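Heads up, the thing below is written out as structure tokens.
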Amino acid sequence: MLFDSIAIAATIIVLFPMGFFLLSSPAFLLVKLDVPEVTQLLRGLFNAHFLMVGILGMIGTLAYALAGRWTFAVGIGLVAAFAVWGRGWFLEQMDAQLIARDAGDANAVRRLRRLHWGGMLCNATVLAVLVRSIPYIMPTTTS
């Protein structure tokens, strides 16, 4: 029962950086991405998001494994693996577009905006799946 409680707490903790990102990232839709300071802040937000979800997802995976809830361990493990992989891929793509923008490529800002939208969409999708799975995460009690 203790491990079930820890696993549920780990899931809720994973939801925090995802919720923060969901609420903070749309603010960047209101500013131009041709300002270096703005894109540096946006890159930092994505970096922190992927890092936190990856680390907390690994903790959640371990908690579910200790609780013997293998389906959820695999699910949270996939979220963590996606965050770890996505961090490298996403930041590499963002850096390439920042270099292109600084070199004078007029379409780089549009590609940065597309990356931004894609990151927000991925986060919202995974967050919705996790929130939807909360009723199934709760341990069932037998009398």
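What follows draws every value from the coordinates through simple rules; no lab data is involved. The model shown is predicted, which means the values in this text are computed figures rather than measured ones. FYI the Cβ positions are ideal-geometry reconstructions off the backbone, even for glycines, and counts take in every protein chain you see.
If a/c stays under 1.5 just call it rounded; otherwise compare a/b with b/c (prolate if a/b is bigger, oblate if not). Do that for region 1-82, with a ≥ b ≥ c from the square roots of the Cα gyration tensor eigenvalues. Don't skip to the end; give the middle numbers.
Numbers: a/c = 3.94, a/b = 2.97, b/c = 1.33.
Taking the square roots of the gyration eigenvalues as a ≥ b ≥ c, region 1-82 is prolate.
So for region 68-108, considering every pair of alpha-carbon atoms, how many percent are separated by more than 14 Å? In whole percent, the share of Cα-Cα pairs in region 68-108 beyond 14 Å is 61.
Might you report the magnitude of the Cβ-based charge dipole of the chain about its Cα centre, with Lys and Arg at +1 and Asp and Glu at -1, to the nearest 20 debye? Walk me through the intermediate numbers first.
Details: 10 positive and 7 negative charges, 56 e Å.
In total the dipole reaches around 260 debye.
Dipole orientation for region 40-143: of the candidates 125, 91, 59, 125 has the Cα lying most toward the positive pole (charges on Cβ; Lys, Arg +1; Asp, Glu -1).
For the chain, what is the mean residue ellipticity at 222 nm derived from helices alone (per DSSP H run of n ≥ 4: -39500 (n - 2.57); sum divided by total residues; nearest 500 deg cm²/dmol)? Please report the intermediate quantities before stating the final value.
On the way: 4 runs with 117 residues, N = 143.
For the chain, the value works out to -29500 deg cm²/dmol.
Nearest 20 debye, what's the magnitude of the dipole of region 72-134 about its Cα centre given +1 on Lys and Arg Cβ and -1 on Asp and Glu Cβ? Each step should come with its number before you reach the end.
Details: 7 positive and 4 negative charges, 50 e Å.
Dipole of region 72-134, to the nearest 20 debye: 240 debye.
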